[in-house]
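The values are calculated or read from the model by the stated rules, or taken from the named source; none is laboratory data. Being a predicted model, the structure only gives us computed values, none of them experimental. Cβ placement follows ideal geometry from the backbone for every residue including glycine, while neighbour counts extend to all protein chains displayed. For the accessible areas, the whole protein counts, side chains as well, though only heavy atoms, and no ligand, DNA or RNA atoms are used. Shrake-Rupley method; radii C 1.70, N 1.55, O 1.52, S 1.80 Å.
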Amino acid sequence: MKQSKIKRAEKRELKGPSLTIKWALASSFFIFVVFTIFAVITYKSSVNLIVAKERGNLEKTTAEVVSRLANSEKELTITDTYKNLSNSIFSDGQQFEKTTTIEGTLMQIDPFISELGQEGLSLYVYNLDKELVFETQNRKQKLFQETRKSPTIITLDSKIGFLSIEVIYSKGTREKIGYAQTFYELSSFYEIKNKLLLTLIVLEVVSLILSSVLGFFLSSYFLKPLKELRDTMDTIRKDPQSDIHMKDIKTNDELADLSEIFNEMLDRMRLYIEQQEQFVEDVSHELRTPVAIIEGHLSLLNRWGKDDPEVLEESLNASMQEISRMKSLVQEMLDLSRAEQVDIHYANEVTNAKEVVYQVYNNFKILHPDFVLTLDDDIPEEIQLGIFRNHFEQIIIIILDNAIKYSTLRKEVHISISTSRNEFEIAIQDFGEGISEDDLKKIFNRFYRVDKARARNKGGNGLGLSIAKQLIESYKGTVAAESAVNQGTIFRIFIPIKKK
Ligand code: ADP
């Protein structure tokens, strides 16, 4: 990283309303709908309940009035009506016990009388000529109609209430003797109804405001990491070189996960970019040496060397050598870049493992007659590997080549092949100069050579092992090396066996 300081993300303006606002609006809309439904149901059922109760009361009172008035045998008069309404105790034995004292019965009759005296209730009794003979309120109300009317809500004298009319028939003669009209004013009921409505509306408004405010704060709290993530991404978009990161989020939820993944991705991306930059730097550095050597020779020849056949010969040879080094470097770089795309192009390739190993082994025996090469084969039958033949060959050649290149004293190389579980293993062991523990960690890096000058003499660019490792890993295999300085090195390659 070029800059180690972690910068903060810049704030960015949105084109539309933020998620916080949308969330707050959505939650308050939801609460509004739920509360409205609840309020409507509460309101309707309370109103219906009160209306039903009032109607029931009125029906009961009217029935009692009718029952008492029906005790009269002739057309209703003021005195009859008054007597029957107040003294029915003596004629109606079912309701009142005859053994009770006068004071006691008066106490029992009182509720009905006081019920009739209620402010909202008016009872009108008419004779057969529809003349008012009795009323509990001094309003002089006319008979509404001559037929029976069950309690119905109407407006009478600009007052809303239940009106009920009963035609009275004498219990004794079964003759029509008059009419009873009751009106029960619902003004207090409307008052309650309006108060209930107002309370519900106020509650609804308060809950709407509360839920919006709460929704806004909650969503801005929960979505804070998302905003930071967006700002961080925007900062990186504007300045790809910037090294900012997302802050650690301790919430342990999806957003914390997202932020962690984002940071990991950032690190990996930066590592790739860094490696890429390093690669370009290394390549130009690698090319600079041969170019400088060729340039030196050419300017030497240009000045005076071309007339000296010896210098000319030497310069041309050296230049040719550098050119072929450049050629191999370019080829190796090409191989490396192709090795990275193996899985796209060679996904279905199959190779006979033993056949290729034997072929490379025989070729090396011919090429290096001064070396003792042995092949230890533990595999009874041919096996198939899911790898492109040329790549498998290339991997073995790179490792074998190194074993030969870095074995100067004891010219011996052992190859052994075996299988374990679902993997094919090839181990290549030499008894050469070996690699120190520190270098062993780096030998698979691009352009890494333990001894630059020596490797150069041997024609090494430091790309061979990188290519081999890249190829092996592209085919889901692994490679490992063990080494001891001056004792030798062993490379083990594992490649998955193709299932039939
Ligand atoms: P080069 O083309 O230089 O051989 P490689 O990537 O193949 O590049 O190897 C990287 C370095 O690892 C070599 O420069 C060498 O120093 C070391 N190395 C590789 N194989 C062996 C080996 N069998 N014995 C000792 N050193 C080795």
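Using 0.36 nm per residue, how much length does the chain from LYS224 to LYS15 gain when fully extended, once their Cα-Cα distance is taken away?
Between LYS224 and LYS15, full extension yields 73.5 nm more.
Cα gyration tensor of segment 257-297, axes a ≥ b ≥ c as square roots of the eigenvalues: rounded (a/c below 1.5), prolate (a/b > b/c) or oblate?
Cα axes put segment 257-297 in the prolate bin.
Can you tell me which lysines have their Cα less than 23 Å from the Cα of LYS498? Leave out same-chain residues fewer than eight positions away.
LYS354, LYS469, LYS476
So for the pair GLU131, VAL205, with labels modelled 7 Å out along Cα→Cβ, what separation do we get in nm?
5.8 nm
Helix 224-238: angle to the longest alpha-carbon principal axis of the chain, degrees 0 to 90, nearest 10?
40 degrees
Quick check on segment 117-188: take the gyration tensor over C-alpha atoms, sort the square-rooted eigenvalues as a ≥ b ≥ c, and tell me if it's rounded (a/c under 1.5), prolate or oblate.
Cα axes put segment 117-188 in the prolate bin.
When we measure straight from the Cα of LYS499, which aspartates and glutamates land under 12 angstrom away, once same-chain ones fewer than 8 places off are left out?
Excluding near neighbours in sequence, the set is GLU423.
When ligands, DNA and RNA are left out and all protein chains stay put, how many square angstrom of accessible area per residue does the chain have with a 1.4 Å probe?
Result: 62 Å² per residue.
Students often forget the sequence filter, so: which aspartates and glutamates lie under 16 Å Cα-Cα from LYS458 once same-chain residues fewer than 8 apart are removed?
By straight Cα distance, LYS458 reaches GLU286, GLU322, GLU332, ASP401, GLU433.
Working from Cα positions, state the angle (0 to 90°, nearest 10) between the long axis of helix 353-367 and the longest principal axis of the chain.
Around 30 degrees separate the two axes.
Quick check: from the Cα gyration tensor, does the chain come out rounded (a/c under 1.5), prolate or oblate?
The shape class here is prolate.
Lysine pairs in segment 139-196 8 or more apart or on different chains: how many have alpha carbons under 20 angstrom apart?
8
With all protein chains present, how much of the accessible area of segment 123-209 (probe radius 1.4 Å) comes from carbon and sulfur, to the nearest whole percent?
56 percent
Whenever you get a sec, line up THR42, THR478 from highest to lowest accessible area (probe 1.4 Å, protein heavy atoms).
THR478, THR42
Compute the long axis of helix 389-405 from its Cα atoms, compare it with the longest principal axis of the Cα atoms of the chain, and write down the angle in degrees, 0 to 90, nearest 10.
50 degrees
Tally up the carbon and sulfur contribution to the accessible surface of segment 340-496 as a whole percent, 1.4 Å probe, everything protein left in place.
48 percent
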